[in-house]
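J.: The structure that follows is given in the form of structure tokens.
The values are calculated or read from the model by the stated rules, or taken from the named source; none is laboratory data. Being a predicted model, the structure only gives us computed values, none of them experimental. Using ideal geometry, Cβ is built from the backbone for each residue, glycine included, and neighbour counts are taken over all protein chains shown. For the accessible areas, the whole protein counts, side chains as well, though only heavy atoms, and no ligand, DNA or RNA atoms are used. Shrake-Rupley method; radii C 1.70, N 1.55, O 1.52, S 1.80 Å.
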Amino acid sequence: MIHSIVDKIKASLDTFGIVPLSMWDEIIRVARQDNISIVSAMLKLGIISDPETGPKFADQWGITYVSSIDKEDIDFSLKGKIEKDVARKWKVFPIGMKDDHILMAICDPLNLVGGLLEDEIGFPIEPVFLECSFVEELIEIAYPEKSSPSSIAVERHSSVVQPVVGEELLEGNGLNAAYVSSVTPDSEDAPMIALIEEIILGAYKERASDIHIEPFEEWVRVRYRIDGMLHEIDRISKDLHGSMVTRIKIMANMDIAEKRLPQDGRILFEKGDVNLDLRVSTINTGYGETVVIRLLNKQVGLISLNELGMEEDLLQEFRKIINLPYGMLLVTGPTGSGKSTTLYAALSEIDHNLRKVITVEDPVEYQLSGINQVQVRPLVGLTFASALRSILRQAPDVILVGEIRDRETAQIAVQAALTGHLVLSTLHTNDAPSAITRLVDMGVPSYLVASCIAGVLAQRLVRRLCPVCKVEISEPHEDNHSGEAVAQKFRPSGCQECKMTGFKGRVGIFELMTVDTELRDVIARGAPAEELKYIAESKGMQTLRDNAFRKVNDGLTTVSEIMRVVK
């Protein structure tokens, strides 16, 4: 195969009068000696040049030739679809999408031999001939050897940010953070400001929920969490790590001198039309401080209950609970499962004109019109428990407690629910019945839990199939899980809209346990979570797993995605 391709190249170049046959022995020798392709060997020997080779090769092989292309028109986000080593080895780079194919810039016809390139990349491509020097430049920009595209921008500046600690102390988010002065944002000598802004704006454009900046021995990894999954987007020189962390701490009013203890801060980020509320957390690891930045887009309005993804029967039961005059509703699940979003959606349906609503949160994620919201400040003694005591003296009808974390908060919340208030809160448990036993473990008597609990909603988030590129399965495979038939009707594909992942956005899966008289009796005698679950299921409660497979049957997600999230 290889020999026939070489013969074809020799014949085409001889026909075009580019390379005489007498030169081929030297070309082959250099190619073997340097372990490079024949075209690369000809370029190295100066026998051919890009401008004369491209159009003639393209014509010979029936492939599109592009003499030049604006770098701004290239979708560099596609670089994640091809490994750095593969790009360098084959001298190729993805520059865009055409239907279901990746437009792949190539400069060497041997890359197309026998479909080997497509086999290594793992998806179909449409080759486009570009000059080798331009393809190599794209590869260097996307996969730099020692520095990232961002750090290249940093190195263009002659000065490095050297923050100066001032004497003034500022109080922000309950923190006594050292006030630090540095170069102004408008200064041309502010490369680190530009780098951090680029990372934040990139996360915003990719719909990321948080940014992870993680130092290792020789480099710093930057990852975005998109639709619940972490994606590495850059590796930055370790030399820049200290300046990056310092700049972020400055923006978040944190103490730059404190590197040993964890810190929390907040940044109100505005750039053009972008308006973000950023929550920053730092903690020291073996190779330095790792930083996590959570993004809250203040321009995106709160979603309603109808948009959460609850089926109609489940939604009606949930609405009955949030319209009760008193009692307690708990929403459970791990961090990042959408608990706060669900509670905010519930509050948005409560008539604020007729009922006084007060929340105590850490942090206050969204400002709700017509609702009194209190930010917890532990450093000044304003905890969930102390705030909750004061709130009860404000004669509220509805109270939202951001999270029940300790015995004192749990006991006050339960007492509030028993004395005529509707209390909404969250817990970290794996399913709905476990929330009951968690309250008892915190020290709340089981008979009080039984008297106040109106319902528990457990939830998770699963990735939603991209509506643009999902592919219908001609003969859906039917399986049976937990007594429910599951037929996956669509599978993920990948397009430019979903960044070739096959998924875009997320949808909730839910388990709602409504507490009736029988369940109250069982809870009061201290029954374990397994018994509560058995009785609730016998009364028609759908488990997280059952509800998840309803989403599969509805064509919203896949079985593999469900199994990733739910046991």
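J.: Work out the charge dipole of segment 414-567 with +1 on the Cβ of Lys and Arg and -1 on the Cβ of Asp and Glu about the Cα centre, then indicate which of S434, G508, L465 is farthest towards its positive end.
T.: L465
J.: Among S337, H352, A385, whose Cα sits farthest toward the positive end of the charge dipole of segment 313-385 (+1 at Cβ of Lys/Arg, -1 at Cβ of Asp/Glu, about the Cα centre)?
T.: Highest projection toward the positive end goes to A385.
J.: Ok, one more. Measure off, as a whole percent, the carbon and sulfur share of the 1.4 Å-probe accessible area of segment 233-324, all protein chains present.
T.: C and S atoms contribute 48 percent here.
J.: Another one. To make sure I understand the rule: partners must be lysines, Cα under 18 Å from the Cα of K98, and not fewer than 8 residues away in the same chain. Which ones qualify?
T.: Result set, ordered by chain and number: K71, K79, K81, K470, K499.
J.: Greater than 21 Å separation of Cα atoms is the criterion. Which listed pairs, K238/K271; K238/K259; K339/K539, meet it?
T.: Exceeds cut-off: K238/K271; K339/K539.
J.: To continue, here is another question. To the nearest 20 Debye, how big is the dipole of segment 235-363 about its Cα centre, given +1 on the beta carbon of each Lys and Arg and -1 on that of each Asp and Glu?
T.: That gives segment 235-363 a dipole magnitude of about 540 debye.
J.: Classify segment 378-471 as rounded, prolate or oblate from the Cα gyration tensor: take a ≥ b ≥ c as the square roots of its eigenvalues, call it rounded if a/c is under 1.5, otherwise prolate when a/b beats b/c and oblate if not.
T.: It is prolate, given that a/c is not under 1.5 and a/b is the larger ratio.
J.: Compare the peptides 532-542, 218-228 by average per-residue count of other Cβ atoms within 10 angstrom and give them in order, highest first.
T.: My ranking of the peptides, most packed first, is 218-228, 532-542.
J.: Report, by chain and number, residues whose modeled amide H sits under 5 Å from the one on V515, excluding near sequence neighbours (fewer than 5 apart, same chain).
T.: Amide H neighbours of V515, under 5 Å, 5+ apart: G455, V456.
J.: Another one. Quote to one decimal, in nm, the extra length available between E218 and I141 on full extension: 0.36 nm per residue of separation minus the C-alpha distance between them.
T.: Taking E218 through I141 to full extension adds about 25.8 nm, to one decimal.
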